[in-house]
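Peer 1: Attaching a single structure in structure tokens format; questions to follow.
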Amino acid sequence: MNQSDKIYIAGHNGMVGSAIVRNLRKKGFANIITRSSSELDLTNQHDTYSFLQKERPDYVVISAAKVGGIYANNSYPAEFIYQNLMIETNLIHGSYLAGVNKLLFLGSSCIYPKDSLQPIKEEYLLGGILEETNEPYAVAKIAGIKLCESYNRQYGTDYRSIMPTNLYGPNDNFHLNNSHVIPALIRKFHEAKVNKSPNVEVWGSGNQLRDFLYVGDMAIASSYIMNLDNNIVNGFVSSMLSHINVGSGKEISIKDTSVLIKEIVGYHGNIVFNTNMSEGTNRKLLDTTKIQNLGWKPAISFEDGLKKTYSWFLNNH
């Protein structure tokens, strides 16, 4: 990537997209194209194609997606599969039609079977049944990987896919029902502190294990993968089904995560685990051997990342 390259970031207002924009601008990239959802509906094929034909970016980064936690995935499965399929299909095929040869697709760790061996290697994709609570979203993300892989095979494009673990950080969605676990917990503990509530409810047993990555590290990993020489990437692609895991390489229980957030927020009440609520996959740790062998590793510790996220929440909510 050159600093003069025109780079379109789809989803620049979201947590991941905004972090990628900040990282690129910090590195001196000034020719960054963005469009809000009110300016460009990425589920509209005609409008998306027309935009790409007019702008003809050198790079396209697909961080736009409909995302949410267990409750949202269970409640709106049709919206999750339809909107994500339309967004990625329009952007990937539209980029090809517009002559865009460089593209980065951001997926999700939920693409892997719910009973995968741990840590989860890239080659475990399509090796078993998906977690029921987010299957529609996962199917859409798998389709995005396969679109990139297929266009590379047939048309010789350089469309790369990276699969991040559970992300958190500034610009996350802090809705109590529709968000992922960390922003939901931050808001719950903060509101309990403000309202002097005696208890905070956490969904599930708290025993489920997760791999969390600060979104700033994810943004750096995205640029790192985009910048890798073709020959280096191609040496890994054949054994990776065209995608690369990005994670912390560490896991922590939801119970320990809750305790840590409680301490950072400064809440002094009790934590109550509601075992009647769905808690998703029991364990999910990505194998990050390949990206580490390519020279990348995270820089922000989990505790520091949580402190940064809570600070952003206080300043913006």
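Peer 1: Would you be able to say whether some residue in region 53-62 is touching a residue at least 40 places away in the same chain (Cβ under 8 Å), assigned to a helix (DSSP H, G or I) and in contact with a strand residue (DSSP E or B) (Cβ under 9 Å, 6 or more places away or on another chain)?
Peer 2: Here is the first cut: in region 53-62, the ones touching a residue at least 40 places away in the same chain (Cβ under 8 Å) are 53, 55-62.
Subsequent filtering for residues that are assigned to a helix (DSSP H, G or I) retains 53, 55.
With in contact with a strand residue (DSSP E or B) (Cβ under 9 Å, 6 or more places away or on another chain) added as a condition, the list becomes 55.
Checking region 53-62: at least one residue is touching a residue at least 40 places away in the same chain (Cβ under 8 Å), assigned to a helix (DSSP H, G or I) and in contact with a strand residue (DSSP E or B) (Cβ under 9 Å, 6 or more places away or on another chain).
Peer 1: Only one of these conditions is not met by SER238: (1) under 19 Å from the mean Cα position of the chain (by Cα); (2) surrounded by fewer than 19 Cβ atoms within 10 Å (Cβ to Cβ); (3) modelled with pLDDT under 90. Which number is it?
Peer 2: Answer for SER238: the failing condition is (1).
Per-residue answers, yes or no, for (1) under 17 Å from the mean Cα position of the chain (by Cα); (2) of a type in the set (Asp, Glu); (3) farther than 27 Å from TYR224 by Cα:
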site: LEU97; (1), (2), (3): no, no, no
site: VAL100; (1), (2), (3): no, no, no
site: PHE105; (1), (2), (3): yes, no, no
site: TYR112; (1), (2), (3): yes, no, no
site: ASP115; (1), (2), (3): no, yes, yes
site: GLN118; (1), (2), (3): no, no, no
site: GLU122; (1), (2), (3): yes, yes, no
site: LEU130; (1), (2), (3): no, no, yes
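Peer 1: Checking the conditions here, which among SER253, SER197 is surrounded by fewer than 17 Cβ atoms within 10 Å (Cβ to Cβ), within 21 Å of the chain's Cα centre (by Cα) and at pLDDT 95 or above? Outline the logic, then answer.
Peer 2: On the way: SER197 fails: within 21 Å of the chain's Cα centre (by Cα).
When all the criteria are applied, what remains is SER253.
Peer 1: Looking at region 23-34, which of the residues that are outside any helix (DSSP H, G or I) and aliphatic (A, V, I, L, M) is surrounded by the most Cβ atoms within 10 Å (Cβ to Cβ)? Walk me through how you get there before you give the answer.
Peer 2: The first filter runs over region 23-34 and keeps only residues outside any helix (DSSP H, G or I), leaving 27-34.
The next check asks that each one be aliphatic (A, V, I, L, M); those that pass are 30, 32-33.
Details: ALA30: 9, ILE32: 18, ILE33: 15.
Per the criteria, the residue is ILE32.
Peer 1: Considering (1) on the phi < 0 side of the Ramachandran plot; (2) modelled with pLDDT under 95; (3) surrounded by fewer than 23 Cβ atoms within 10 Å (Cβ to Cβ), say which one TYR82 fails and leave the rest.
Peer 2: It is condition (2) that TYR82 fails.
Peer 1: Among the numbered conditions (1) of a type in the set (D, E, K, R); (2) within 19 Å of the chain's Cα centre (by Cα); (3) surrounded by fewer than 19 Cβ atoms within 10 Å (Cβ to Cβ); (4) modelled with pLDDT under 95, tell me where LYS308 comes up short.
Peer 2: (4)
Peer 1: State the number of residues belonging to region 268-296 that are within 25 Å of SER205 (Cβ to Cβ) and surrounded by fewer than 19 Cβ atoms within 10 Å (Cβ to Cβ).
Peer 2: Final tally of qualifying residues: 12.
Peer 1: Could you list, in sequence order, all residues of region 125-138 that are surrounded by 17 or more Cβ atoms within 10 Å (Cβ to Cβ) and either farther than 12 Å from ASN73 by Cα or of a type in the set (D, E, K, R) (or both)? Steps first, please.
Peer 2: From region 125-138, those surrounded by 17 or more Cβ atoms within 10 Å (Cβ to Cβ) are 125, 130-131, 133-138; that's our starting set.
LEU125, LEU130, GLU131, GLU135, listed by residue number.
Peer 1: Moving to a separate point now. Which residues, taken from region 200-218, are part of a loop (DSSP other than H, G, I, E, B) and surrounded by 21 or more Cβ atoms within 10 Å (Cβ to Cβ)? Full working, then the answer.
Peer 2: Just the residues of region 200-218 that are part of a loop (DSSP other than H, G, I, E, B), to begin with: 204-208, 211.
Once the filter is applied, which keeps residues that are part of a loop (DSSP other than H, G, I, E, B) and surrounded by 21 or more Cβ atoms within 10 Å (Cβ to Cβ), region 200-218 yields only ASP211.
Peer 1: Right, next: Being more than 22 Å from the chain's Cα centre (by Cα) and in a strand (DSSP E or B) is the filter here, so list the residues in region 256-287 that pass it.
Peer 2: Residues satisfying the conditions are ASN270, ILE271, VAL272, PHE273, ASN274.
Peer 1: Something else: Can you list residue pairs whose Cβ atoms sit under 6 Å apart, with the first residue in region 193-221 being touching a residue at least 24 places away in the same chain (Cβ under 8 Å) and the second being in a helix (DSSP H, G or I) and of a type in the set (D, E, K, R)? Count only pairs 6 or more apart in sequence or on different chains.
Peer 2: Pairs that qualify, where the first residue is touching a residue at least 24 places away in the same chain (Cβ under 8 Å) and the partner is in a helix (DSSP H, G or I) and of a type in the set (D, E, K, R), are VAL200/LYS188; GLY206/LYS255.
Peer 1: I want to confirm something. Restricting to region 143-185 and keeping residues that are over 19 Å from ALA19 (Cβ atoms) and β-branched (Val, Ile, Thr), which single residue is surrounded by the most Cβ atoms within 10 Å (Cβ to Cβ)?
Peer 2: Filtering first and then ranking leaves ILE145.
Peer 1: Of everything in region 279-317, what is closer than 17 Å to TYR112 by Cα and of a type outside the set (S, T, N, Q)? Give them in sequence order.
Peer 2: Once the filter is applied, which keeps residues that are closer than 17 Å to TYR112 by Cα and of a type outside the set (S, T, N, Q), region 279-317 yields GLU279, GLY280, ARG283, LYS284, LEU285, LEU286, ASP287, LYS290.
Peer 1: May I pose another question? Does ILE182 qualify as being part of a helix (DSSP H, G or I) and closer than 17 Å to TRP312 by Cα? Working first, answer last.
Peer 2: Working: part of a helix (DSSP H, G or I): yes; closer than 17 Å to TRP312 by Cα: yes.
Judged against the criteria, ILE182 is a match.
Peer 1: Test each condition in (1) free of Cβ contacts under 8 Å to residues at least 60 places away in the same chain; (2) under 27 Å from GLY127 (Cβ atoms) for ASN152 and report the one that comes out false.
Peer 2: Looking at each condition in turn, ASN152 falls short on (1).
Peer 1: When SER37 is evaluated against the numbered criteria (1) crowded, with 22+ Cβ neighbours inside 10 Å; (2) hydroxyl-bearing (Ser, Thr, Tyr); (3) part of a loop (DSSP other than H, G, I, E, B), which criterion, by number, is the only one it fails?
Peer 2: Answer for SER37: the failing condition is (1).
Peer 1: Could you say which residue among SER116, SER95 is of a type in the set (S, T, N, Q), more than 21 Å from SER50 (Cβ to Cβ) and crowded, with 18+ Cβ neighbours inside 10 Å? Let's see the steps before the verdict.
Peer 2: Numbers: SER95 fails: more than 21 Å from SER50 (Cβ to Cβ).
Going through SER116, SER95 in turn, the sole match is SER116.
The values are calculated or read from the model by the stated rules, or taken from the named source; none is laboratory data. Fair warning: this is a prediction, and the values are worked out from it, not measured in the lab. Every residue, glycine among them, receives a Cβ derived from its backbone with ideal geometry; neighbour counts consider all protein chains shown.
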